[in-house]
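See structure below.
The values are calculated or read from the model by the stated rules, or taken from the named source; none is laboratory data. For clarity, every value in this text was computed on a predicted model and none was experimentally measured. Every residue, glycine as well, gets a Cβ built from its backbone with ideal geometry; the counts of neighbours run over all protein chains shown.
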Amino acid sequence: MASKTTDQTLFPHIPTVQVPPHPVWPPLSDTERENLKDRIKQMLKEQNGVLVAHYYTDALLQDLADETGGCVADSLEMARFGSEHDADTLVVAGVRFMGETAKILNNEKRVVMPDPAATCSLDEGCPPDIFSSFCDQYPDHTVVVYANTSAEVKARSDWVVTSGIALPIINHLAEKGEKIIWAPDKHLGRYVQKLTGAEMIFWPGSCVVHEEFRSVALERLRRLHPQAAVLVHPESREEVIDQADVVGSTTALIEAVATMPNKEFIVATDAGIFNRMRQLAPGKKLLEAPTVGEGATCHSCANCPWMEMNSLQNLAEVLEKGTNEIKVSPELAAKAQIPIKRMLDFAKAMNDK
Ligand code: 13P
Ligand code: SF4
């Protein structure tokens with residue numbers, strides 16, 4: 001995957017995001033895999049740890065989280081689960097902002113990640129100092145940031161949102177007449193603005209994975225599969241979102257596969273999600289939406305290279321060696337947790353209605 005440059009005309013100082021190559025994990029024999037899983041299970045017990053995994057991580061990690069009483073979820077539910085669980089150690093398989101969010105909400109707990117270098121193009125493309133100066137230019141705006149950001153950026157915000165709750169929160173703010181700075185994902189921001197009519201200024205960030213989906217190739221694939229429902233994550237481009245039957249968070253897309261009557265689905269999000277979709281709807285046909293690379297069969301494009309940095313091997317190593325602990329200073333955590341808790345409280349109030 002090539003490196004990604006943010007909009008240089010609006011924000012000249014934003015550094016180019018370096019996208020790492022896809023990691024290659026040595027294959028495991030059945031026995032090696034089972035031994036590794038047993039060791040991890042044992043260590044989780046000994047350390048009173050719980051595994052919290054994102055839907056994009058390797059299927060083996062997702063299944064292990066399920067088997068050990070952990071959770072496999074979208075980023076909103078990962079945050080909620082971690083903050084309510086009484087484990088001493090949260091093992092977060094995902095990308096760095098997910099581990100940091102867990103630490104911010106549970107500063108007294110040990111939070112470890114298989115690889116803390118697993119970051120995200122949205123987080124990388126929103127440097128806290130530049131972002132803070134940008135916000136300073138609009139003192140009358142409410143600052144809303146996507147969860148895919150650093151602890152420092154969250155601390156500069158009024159609200160944190162995930163894709164699962166962005167719409168109702170922006171709606172709520174728009175109804176109060178608030179003007180909004182939205183960062184960092186411009187595609188999700190524009191999608192939310194279109195539906196809510198909110199007055200919003202956008203930071204020019206994007207997800208290198210979702211930006212790869214292509215609208216013309218998608219139109220072609222839809223013609224070949226006219227009965228298929230099109231499911232799109234809102235980090236995708238507008239022309240791709242416009243073709244969707246369902247636009248939503250990873251959880252919403254999984255629910256769509258499980259509940260819609262269609263037998264076929266075209267899915268525009270990271271291919272890691274297919275694991276859960278297949279488990280919940282084994283008889284349904286799932287097609288990867290075409291990307292800029294080799295089309296629907298392209299490996300590199302619909303697989304987040306940072307999510308792929310998580311494996312059984314480095315998960316076992318981290319528990320064994322006690323390394324890769326995520327640290328956020330208590331002062332920073334105290335600031336960053338205000339907008340995150342605001343989101344979690346909003347979600348709870350919505351669910352309680
Ligand atoms: P979800 O909150 O929908 O799981 O999205 C997280 C993410 O990183 C999508 O690319
Ligand atoms: Fe970030 Fe995109 Fe990877 Fe999600 S898929 S973690 S938004 S780079």
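Among the residues that make up segment 138-148, is at least one of them among the polar types (S, T, N, Q) and under 25 Å from Phe81 (Cβ atoms)?
yes
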Scan segment 99-108 for residues that are in contact with a Gly (Cβ under 8 Å, 6 or more places away or on another chain) and part of a loop (DSSP other than H, G, I, E, B) and jot them down.
Asn106
Of these, Val257, Val292, Val246, which one is within 18 Å of Leu76 (Cβ to Cβ), among the hydrophobic types (A, V, I, L, M, F, W, C) and either in contact with a Ser or Thr (Cβ under 7 Å, 6 or more places away or on another chain) or not assigned by TED's automatic domain parsing to the domain that holds Leu76 (or both)?
Val246
Helices (runs of 4 or more DSSP H) wholly inside segment 117-201 that include at least 2 residues being within 16 Å of ligand 2 (Cβ to nearest atom)
121-124, 151-155, 186-196
Go through segment 60-71 and give me each residue that's under 16 Å from the mean Cα position of the chain (by Cα) and surrounded by fewer than 24 Cβ atoms within 10 Å (Cβ to Cβ).
Cys71
Could we say that Ala228 is touching a Lys or Arg at 6+ places or on another chain (Cβ under 9 Å) and not assigned by TED's automatic domain parsing to the domain that holds His187 here?
yes
Please specify each residue of segment 144-164 satisfying the condition of being buried (at least 22 other Cβ atoms within 10 Å of the Cβ) and touching a residue at least 60 places away in the same chain (Cβ under 8 Å).
Val145, Ala147, Asn148, Ala151, Lys154, Ala155, Ser157, Trp159, Val160, Val161, Thr162, Ser163
Quick one: count up the residues across segment 302-345 that are outside any helix (DSSP H, G or I), hydrophobic (A, V, I, L, M, F, W, C) and within 25 Å of Val160 (Cα to Cα).
4
Pairs, first charged (D, E, K, R) in segment 328-353, second buried (at least 16 other Cβ atoms within 10 Å of the Cβ), C-beta under 6 Å, six or more apart:
Lys335/Ala155; Arg342/Trp159
What is the one condition in (1) within 16 Å of ligand 2 (Cβ to nearest atom); (2) more than 27 Å from Asp115 (Cα to Cα); (3) at pLDDT 90 or above that Leu280 does not satisfy?
(1)
Kindly state which helices (runs of 4 or more DSSP H) lie completely within segment 21-96 and contain at least 3 residues that are touching a strand residue (DSSP E or B) at 6+ places or on another chain (Cβ under 9 Å), aliphatic (A, V, I, L, M) and away from ligand 1 (no atom under 13 Å from the Cβ).
30-46, 59-67
Considering (1) of a type outside the set (Gly, Ala, Ser); (2) modelled with pLDDT of 95 or more; (3) within 16 Å of ligand 1 (Cβ to nearest atom), say which one Leu287 fails and leave the rest.
(3)
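Look through Gly70, Gly94, Gly82, Gly99 and report the one residue that is outside the structural domain of Arg276 (by TED's automatic domain parsing) and modelled with pLDDT under 95.
Gly82
Restricting attention to segment 231-256, and to residues there that are part of a helix (DSSP H, G or I) and closer than 20 Å to Arg220 by Cβ, which single residue is farthest from ligand 1 (Cβ to nearest atom)?
First pass over segment 231-256, keeping only residues part of a helix (DSSP H, G or I): 238-241, 250-256.
Subsequent filtering for residues that are closer than 20 Å to Arg220 by Cβ retains 238-241.
Details: Glu238: 17, Glu239: 18, Val240: 14, Ile241: 14 Å.
The extreme case among them is Glu239.
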Of everything in segment 257-274, what is within 13 Å of ligand 1 (Cβ to nearest atom) and either more than 19 Å from Gln62 (Cβ to Cβ) or basic (Lys, Arg) (or both)? Give them in sequence order.
Ala268
